[in-house]
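First, the structure itself, so that you have it in front of you.
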Amino acid sequence: MSARGTVYLVGAGPGDPGLITRRGLEILRTADVIVYDRLASSELLLEARAEARLVYVGKSPERHALSQEEINHLLAEEALAGLSVCRLKGGDPFVFGRGGEEADHLHAQGVPFVVVPGVTSAVAAPAYAGIPVTDRRAASSFAVVTGHEGAGKSERSVNWAALAQAADTLVVLMGMQSLRENVQALVEAGRAPTTPAAVVEWGTTGRQRAAYADLARIADEVAAQGLGHPAILVVGEVVGLHERLAWFARGPLSGRRVLVTRPRHQASALAELLRAQGAEPVIASVLRVEPAEVAPARLRALMAQQWEWVLFTSANGVACFREQLLKAGLDGRALAGARLGAIGPGTAAALREAGLHVDFVPSRAIAESLGDELPDIASGARVLLPRAAEARDVLPARIAARGGEVEVLTVYRTVPDEQGLGLLRAALAEGDIDIVTCTSSSAVRTLVEAIGVEVARRYPVACIGPITAATAREYGLTVRVEAAEYTLPGLMAALQQWAVAQTEGSKT
C-alpha cells in the first residue's frame with residue numbers, strides 16, 4: 001500500500017495572482033494534483049508542474065462543478081492514493097471558504113493536511129477600492145460576515161441586530177442575492193441609513209467595479225450599475241475615504257477578460273502586458289513546445305560547415321537550438337563566421353539575450369518578408385534554418401528561388417497541451433470571455449480541434465499578424481483584432497484600439 005499523501009489547503013488570494021503567498025507558490029509548484037476554484041486566478045496554474053493533474057471544482061451561485069461532499073471525497077481519495085494535493089481556494093481557506101469542512105473530512109479519513117492562509121477578499125477588495133477596513137480616524141474595529149445563508153437553514157444565523165452595532169466597519173461577503181434584505185436588516189437594527197456604503201465587484205482584478213452610496217440607497221445604486229457577484233458590501237465611515245485613497249487605476253482594457261492561448265512558458269509575458277492595461281488575462285495554453293532531438297554527431301557536422309546565414313523564426317527556435325548545441329558539446333561560438341537573421345523583434349531579442357549579434361531583421365515579421373529581403377543571397381549561398389517541425393515551407397522555398405541552398409534543421413515541435421486544453425474548456429464553460437488571443441496558426445488549429453469550430457466561432461479573435469489571421473478566417477472565426485506590428489506590443493496596441501472602439505460604440 002502506498003504512503004498517504006498530504007492535502008494542502010492553500011489560499012490563492014482574492015483574484016490578483018500576485019497576492020498568493022510564497023508558501024502557497026511552493027506547494028503549487030510541487031503538487032501532483034491541483035484542485036482549484038472558480039475564484040483562483042488561472043494565471044497561478046502556470047506554476048504547476050507539466051505532469052500535475054488539474055481538477056476544476058468551481059462554484060457559482062447558479063452552478064456547481066462538484067458538490068462540497070464530492071470535493072471532500074476527491075481530496076481524500078487523491079491523498080490516500082499517495083499523491084500530494086494542492087487545494088487551491090480563492091481568498092483564505094478558513095474565511096467562508098469551507099476549508100474547515102474539508103479539513104474536518106480529511107481528519108475523519110486519517111489524511112494529513114496543512115493549511116496555508118491566503119489574503120481574504122474581505123480586506124483586499126476594499127483596499128483595492130481605496131477603503132481601509134480600519135483607520136484610527138474612522139474605525140477601530142471591523143467584522144466580516146456572510147450574506148449568504150447555507151442551504152437547509154430554517155432561520156437566519158446572522159444576528160444582524162447585534163452586528164449592526166458591533167463593529168465600526170462591516171464587510172459582508174457573498175451577499176449579492178440578499179443585498180436588499182441584508183441592508184434592511186442593518187437599518188432596522190439601528191445602523192444609520194446615512195452610513196457610507198460600497199459594493200465592490202470582482203475586487204483586485206481587471207473587472208473590478210464599485211458602487212458607492214449611503215446604506216439606504218446602496219442596493220438601488222448597485223442595481224443601476226448592474227453589479228453582480230462575486231462582490232462584497234462594505235459599511236462604515238471608512239468608505240468615505242475612497243475618494244482620496246483610490247489607487248487601483250482602470251486602463252483601456254479594464255473590464256475585459258482576454259483568453260491567452262500562448263504556450264505556458266510564454267503566456268506570462270502577454271498576461272503581464274494585458275494586466276498592465278487593465279484586462280483580466282485568462283490563461284489556457286493550448287500548445288506546448290517539445291524539443292526535437294538532433295543527433296549530436298549531425299549537429300557537430302553541420303556546425304563544422306560554412307554558412308552565410310543562420311536564420312531563426314521564433315524565440316522557441318533560439319532556445320531549442322541553443323539546447324541542442326549544448327547537448328552536442330558546443331556553444332554560441334559554433335556560429336562564428338555566419339550572419340544571424342531573425343524573423344522579428346521578439347526573435348531578435350531572444351538572440352541578443354543569448355549574447356548573439358543580430359545581423360538582419362526584415363521589415364515585417366513574416367516568413368515571406370524574411371525570404372524576400374534577406375541580403376546577399378547569391379547562387380549557392382548556404383543558409384541553415386533551425387525551426388519547428390510544422391513550420392511553413394515559404395521561407396526555404398523563397399530563398400531557394402533566389403538561388404540559395406537551405407538546410408532545414410528541426411529543433412522543436414508544438415504539440416497540444418492537454419493541461420492547458422482542460423483549462424480552456426473550463427474557462428469557456430464559465431463564459432465571460434471577451435476575446436481570444438492567438439499568436440500562431442498552430443494555436444488557431446489546436447483551439448478549433450479542441451473545442452470544435454462551432455464553439456470557436458462564438459468568440460472574437462485577436463491575431464498577432466496576417467498569417468495567423470488568415471488561418472483563423474479559414475475556419476470561419478471572427479477576427480476582430482489584427483496587429484499591424486507582428487509583436488506582442490503590436491498586439492496590445494491593436495487590442496487597445498478595439499477596446500476603445502467598443503466603448504465608444506456602446507455610447508452611441
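The values are calculated or read from the model by the stated rules, or taken from the named source; none is laboratory data. If you're wondering where the values come from, they're calculated on a predicted model, not measured in any experiment. Every residue, glycine among them, receives a Cβ derived from its backbone with ideal geometry; neighbour counts consider all protein chains shown.
Among the small types (Gly, Ala, Ser), part of a helix (DSSP H, G or I) and buried (at least 20 other Cβ atoms within 10 Å of the Cβ) - does that describe any residue in the stretch 259-272?
Within the stretch 259-272, one or more residues are among the small types (Gly, Ala, Ser), part of a helix (DSSP H, G or I) and buried (at least 20 other Cβ atoms within 10 Å of the Cβ).
Take the residues in the stretch 323-339 that are in contact with a strand residue (DSSP E or B) (Cβ under 9 Å, 6 or more places away or on another chain) and surrounded by 19 or more Cβ atoms within 10 Å (Cβ to Cβ); name whichever of them is nearest to Gln419 (Cα to Cα).
Narrowing the stretch 323-339 to residues in contact with a strand residue (DSSP E or B) (Cβ under 9 Å, 6 or more places away or on another chain): 323-324, 335, 338-339.
From the residues that got through so far, the ones that are surrounded by 19 or more Cβ atoms within 10 Å (Cβ to Cβ) too are 324, 335, 338.
Details: Gln324: 26, Leu335: 36, Ala338: 40 Å.
Among those that are in contact with a strand residue (DSSP E or B) (Cβ under 9 Å, 6 or more places away or on another chain) and surrounded by 19 or more Cβ atoms within 10 Å (Cβ to Cβ), it is Gln324.
Identify, from the list Leu233, Leu241, Leu302, the residue that is modelled with pLDDT of 95 or more, assigned to a helix (DSSP H, G or I) and either under 30 Å from Val172 (Cβ atoms) or in the same structural domain as Ser440 (by TED's automatic domain parsing) (or both).
Leu241
Of the conditions (1) within 17 Å of Pro252 (Cα to Cα); (2) free of Cβ contacts under 8 Å to residues at least 24 places away in the same chain, Leu491 satisfies every one except a single condition; which number is it?
(2)
Moving to a separate point now. Would you mention how many residues in the stretch 469-508 are surrounded by 14 or more Cβ atoms within 10 Å (Cβ to Cβ), in a helix (DSSP H, G or I) and under 21 Å from the mean Cα position of the chain (by Cα)?
10
Got a sec? Which of Val235, Val294 is farther than 30 Å from Thr347 by Cβ and touching a residue at least 12 places away in the same chain (Cβ under 8 Å)?
The unique qualifying residue is Val235.
For the stretch 84-135, how many residues are on the phi > 0 side of the Ramachandran plot and among the hydrophobic types (A, V, I, L, M, F, W, C)?
Of the residues in the stretch 84-135, 1 are on the phi > 0 side of the Ramachandran plot and among the hydrophobic types (A, V, I, L, M, F, W, C).
Limited to the stretch 422-447, what total is found for residues that are at pLDDT 90 or above and either more than 20 Å from Glu272 (Cα to Cα) or not in a helix (DSSP H, G or I) (or both)?
Result for the stretch 422-447: 14.
In the stretch 352-369, what residues are loosely packed, with under 15 Cβ neighbours inside 10 Å and under 23 Å from Pro466 (Cβ atoms)?
Ser363
If you scan the stretch 341-351, which residues turn out to be buried (at least 19 other Cβ atoms within 10 Å of the Cβ) and aliphatic (A, V, I, L, M)?
Within the stretch 341-351, Ala342, Ile343, Ala348, Ala350, Leu351 qualify.
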